[in-house]
1. Quick check on my filter: what residues within segment 92-122 are outside any strand (DSSP E or B) and exposed (fewer than 15 other Cβ atoms within 10 Å of the Cβ)?
2. So, in segment 189-236, of the ones that are surrounded by fewer than 18 Cβ atoms within 10 Å (Cβ to Cβ) and of a type in the set (Val, Ile, Thr), which residue ends up nearest to Glu44 (Cα to Cα)?
3. Give segment 177-195 a look and list any residue that's aliphatic (A, V, I, L, M) and at pLDDT below 95, or say none.
4. Mind checking which pairs have a first residue in segment 222-234 that is over 8 Å from Tyr48 (Cα atoms) and a second that is among the hydrophobic types (A, V, I, L, M, F, W, C) and not in a strand (DSSP E or B), Cβ under 8 Å, 6 or more apart or different chains?
5. Of the conditions (1) surrounded by fewer than 21 Cβ atoms within 10 Å (Cβ to Cβ); (2) touching a helix residue (DSSP H, G or I) at 6+ places or on another chain (Cβ under 7 Å); (3) not in a loop (DSSP other than H, G, I, E, B), Val132 satisfies every one except a single condition; which number is it?
6. Is it true that Ala157 is more than 21 Å from Phe202 (Cα to Cα), in contact with a helix residue (DSSP H, G or I) (Cβ under 7 Å, 6 or more places away or on another chain), among the small types (Gly, Ala, Ser) and modelled with pLDDT under 95?
7. Somewhere in segment 34-47, is a residue surrounded by 20 or more Cβ atoms within 10 Å (Cβ to Cβ), modelled with pLDDT under 85 and part of a loop (DSSP other than H, G, I, E, B)?
8. Go through segment 165-178 and count every residue that is under 19 Å from the mean Cα position of the chain (by Cα) and not charged (D, E, K, R).
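The values are calculated or read from the model by the stated rules, or taken from the named source; none is laboratory data. Quantities reported herein were computed from a predicted structural model and do not represent experimental measurements. Note: ideal-geometry Cβ built from the backbone for every residue, glycine included; neighbour counts use all protein chains shown.
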Amino acid sequence: MKSKFILLLVFLSLPWSLYAKGKAKIKVDTTPNSIDEVLTGTVELNYYNINTDDPVNTLYVNPTLDYSASNGWDIQLASYNVAVVGGGAQNYQADTYINLSKTIQLPKSFLVTLGTQNGITLDSGSKALHNVDYGLLVYQPNKSINLHAGTFWANKALTTTTDYIGFTGGFSIEAMPNFLTFTGDYFSGSNNLSGAMVNTWFRVLPTTQVYFGVGVPETNSGNEFYGTVGFSVSNH
């Protein structure tokens with residue numbers, strides 16, 4: 001029964017972007033690692049099937065290196081949308097960022113997370129600074145549940161439309177301790193950031209996780225559906 005359940009989750013998480021149009025969404029990581037002094041490396045693959053007059057299959061890789069320091073600080077070096085096969089599914093490719101966040105503990109299982117993501121696109125003639133800042137109120141009654149919501153601000157260089165302030169929210173639920181976790185995040189608006197991401201995580205070794213998921217575009221954002229598969233390894 002357990003193996004059938006896992007196979008069903010994997011199937012539901014496979015790419016279903018057969019009729020996508022437009023541009024892909026830019027990623028923003030608003031959920032820092034909650035464990036102090038952990039170094040984590042993650043490699044994620046995103047698959048797009050661009051349904052145009054000349055259909056193109058595109059595969060991007062997103063490598064990230066994250067260090068969760070003490071006292072709620074988290075720093076991450078990330079490259080998003082590095083083309084492996086095809087291309088053209090994204091307004092920007094090889095977007096490289098430094099992400100910095102600070103989480104502050106509040107009473108009664110609440111926290112506040114403040115973060116900023118800044119960088120440039122390496123695979124483009126434009127070297128304008130991409131910037132997004134966010135503030136979240138987090139409810140975490142135990143280590144298995146994380147619910148967060150707040151606002152974000154992104155500049156025109158990142159959204160490609162205009163400077164934008166909007167709503168973001170998400171969750172992380174560990175359904176089976178040390179094995180199965182569900183995560184999701186949503187960004188409002190009609191620009192490069194807008195849409196939702198949902199992932200299913202499996203811990204296959206004490207320090208190794210694999211995950212599968214989908215990206216869902218917001219209406220009129222021009223973004224695409226995409227399928228995700230990735231793995232993450234930490235030092236402990």
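1. Leu106, Pro107, Lys108, Ser109, Leu122
2. Val210
3. Our first condition is that a residue be aliphatic (A, V, I, L, M); within segment 177-195, this holds for 180, 193.
Of everything in segment 177-195, just one residue is aliphatic (A, V, I, L, M) and at pLDDT below 95, namely Leu193.
4. Listed by first residue and then by second, the contacts come to Asn223/Ala24.
5. Of the numbered conditions (1) surrounded by fewer than 21 Cβ atoms within 10 Å (Cβ to Cβ); (2) touching a helix residue (DSSP H, G or I) at 6+ places or on another chain (Cβ under 7 Å); (3) not in a loop (DSSP other than H, G, I, E, B), the odd one out for Val132 is (1).
6. Numbers: more than 21 Å from Phe202 (Cα to Cα): yes; in contact with a helix residue (DSSP H, G or I) (Cβ under 7 Å, 6 or more places away or on another chain): no; among the small types (Gly, Ala, Ser): yes; modelled with pLDDT under 95: yes.
In short, no.
7. Within segment 34-47 (the criterion being surrounded by 20 or more Cβ atoms within 10 Å (Cβ to Cβ), modelled with pLDDT under 85 and part of a loop (DSSP other than H, G, I, E, B)), the answer is no, since none of the residues qualifies.
8. Kept after step one, since they are under 19 Å from the mean Cα position of the chain (by Cα), are these residues of segment 165-178: 165-174.
Adding the requirement that they be not charged (D, E, K, R) leaves 165-173.
Count: 9.
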